[in-house]
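Comments concern the structure below.
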Amino acid sequence: QRLKAAVHYTVGCLCQEVEEDKDVQFSKQSIAAISEITFRQCEIFAKDLEMFARHAKRTTINTEDVKLLARRSNSLLKYITQKSEELASSNMEQKEKKKKKSSAAKGERTPGEQDAAVTENEDSNMA
């Protein structure tokens with residue numbers, strides 16, 4: 001019920017923005033109808049996503065499920081793919097930073113530092 005109210009509120013705000021931009025008016029009934037349709041469509045999307053994950057024998061919905069859901073809208077699929085790639089690269093960067101921090105805290109050397117240390121030892125052994 002609270003979720004439905006939140007959807008209705010958001011649709012109302014969006015309709016106000018459109019009213020200001022396009023100089024049109026929305027009746028309360030039309031806002032209510034848009035809210036109801038939006039809520040029902042979200043329920044359908046949630047069930048579809050659940051089915052996609054279940055079909056893949058998973059219990060967790062992932063980005064591939066969302067891309068499959070958005071496949072009929074090229075612009076939406078492109079946007080979701082772009083955001084997914086941005087999140088993946090951001091996650092990889094964060095993991096790299098964590099690895100560097102943990103290895104520095106343990107006193108370990110990064111692979112580049114290890115190579116430099118080996119070369120330094122070889123040079124001192126040759127002398």
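The candidates Phe39, Phe26, arranged from most to least accessible area with a 1.4 Å probe in the full protein assembly, appear as Phe26, Phe39.
Ranking Val7, Val24 from most to least accessible surface, computed with a 1.4 Å probe over the protein chains only, gives Val24, Val7.
Rolled with a 1.4 Å probe across the full set of protein chains, the surface gives Val18 an accessible area near 60 Å².
The lysines within cross-link reach of Lys95, meaning a Cα-to-Cα straight distance under 27 Å and a gap of 8 or more places when in the same chain, are Lys67, Lys78, Lys83, Lys106. Phi angles across the stretch 67-74 convert, under the Karplus curve 6.51 cos²θ - 1.76 cosθ + 1.60 with θ = phi - 60°, into 3J(HN,Hα) values of 5, 5, 5, 8, 4, 7, 10, 4 Hz, Gly and Pro given as x.
In the stretch 1-60, the portion of solvent-accessible area held by carbon and sulfur atoms comes to 58 percent [1.4 Å probe, whole percent, DNA, RNA and ligands not counted].
The values are calculated or read from the model by the stated rules, or taken from the named source; none is laboratory data. It should be emphasised that the depicted structure is a prediction, and the values quoted were computed from it without experimental measurement. Just the protein is used for accessible areas: all its heavy atoms, side chains included, with ligands, DNA and RNA removed. Shrake-Rupley method; radii C 1.70, N 1.55, O 1.52, S 1.80 Å.
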